[in-house]
Amino acid sequence: MSWRASSGLRAWLLQRLSAVYILVFLLMFAYVWRGQVITYDTWHAWVAHPAANIALILFAFALLLHAWIGGRDVIIDYVKSVALRYVLISVFALGLIILGLWTLRSVLLVGVT
Amino acid sequence: MSTTDNRPVFLNLLRIHQPVTAVLSILHRISGVLMILSLPGLVYLLSLSLEDQAGFTRVAALLGSLPMRLLGVLFVWALSHHLLAGIRFMLLDFDVGITRMTARYTAWLVHGLALMTSLFAGWVMLGGGT
């Protein structure tokens, strides 16, 4: 399959792979913090831990990828005007990239200080 | 073919009876869009909570306010419905629960469980707790 011909299938697969990671992360998160009152110190220490730090960044990436594929599908399905569609998709992509970089910055800063 | 076709076209989606599986599908989209719209707020809260002690306290105060708790219940509904419906879709991908009877039953199950989770969250966040 060519790159273009396989892009629909790849999006379909990435949507499911990211969904599985999101689910696993949320279950792990709930398990780790079960029955605990989160304070700044425990929260900060947990995010600073290398394993949690990486898992959190991967979670943000999976979430944004998932949102990108799903949101793009919704825009393509309901916005019929091609021009408006491209504008919306571009704004959406830019927004997600900014959110991703913002998250990356916050989480990594905790990891190095 | 006659050009004087006067049969009524009736496509008011609000008045066409949708099967429960179709309702589940559209709610999967609506819950997903709701969570996408909440992303900027969530990233803001995450970064603020990690900034310093004052930021964390601010996040705790924000999350404790009534409007945020109401939004929180809505978010719990969106998340639980989206997760459960997503699990159901993936099982369908593997032909699990693919027959019409089972698919309708699991669709009702997803609606019910998501609603129960939200009611529980509402009870914890608005009533019983604190």
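Readers should treat all values here as calculations from the given coordinates under stated rules, not as data from a laboratory. As the structure is a computational prediction, the values presented were derived from the model and not from experiment. Methodologically, a virtual Cβ is constructed for each residue, glycine included, from the backbone with ideal geometry; neighbour enumeration extends over all protein chains shown.
Quick notes
- Structure-based [θ]222 nm, chain B - -39500 (n - 2.57) summed over DSSP H runs of at least 4, per residue, nearest 500: -25500 deg cm²/dmol
- For B:THR21 and B:VAL33, the difference between the fully extended length at 0.36 nm per residue and the C-alpha to C-alpha distance is 2.5 nm.
- Stretchable slack from B:LEU70 to B:LEU42, in nm (0.36 nm times residue separation minus alpha-carbon distance): 8.6 nm
- Once the C-beta distance of B:ARG104 and A:VAL74 is scaled by a Förster radius of 35 Å, the resulting FRET efficiency is 0.90 to the nearest 0.05.
- Dipole of the range A:7-112, positive end: most advanced residue of A:ILE38, A:LEU26, A:LEU13 [Cβ charges, Cα centre]: A:LEU13
- For the range B:41-79 versus the range A:46-112, the gap between their alpha-carbon centres in whole angstrom: 19 Å
- Once the Kirkwood radius over Cα pairs is known for chain B, the Stokes-Einstein relation at 10 °C and 1.306 mPa s delivers a diffusion coefficient of 90 µm²/s.
- Number of partner chain Cβ atoms within 10 Å, mean per residue of A:33-42: 2
- Among B:LEU70, B:LEU37, B:LEU119, residue whose mean-square fluctuation peaks in a GNM of chain B (springs only between Cα atoms under 10 Å): B:LEU37
- Shielding score for B:43-54, defined as the mean number of other chain Cβ atoms within 10 Å: 5
- Equivalent-ellipsoid semi-axes of chain A, from the Cα gyration tensor, Å, largest first: 33, 16, 13
- Principal axes of the protein assembly as shown: Cα extent on each, largest first, Å: 76, 48, 34
- For the range B:32-80: rounded, prolate or oblate by the Cα gyration tensor [a/c cutoff 1.5]: oblate
- Averaged over B:57-64, number of beta-carbon atoms from partner chains that fall within 10 Å: 1
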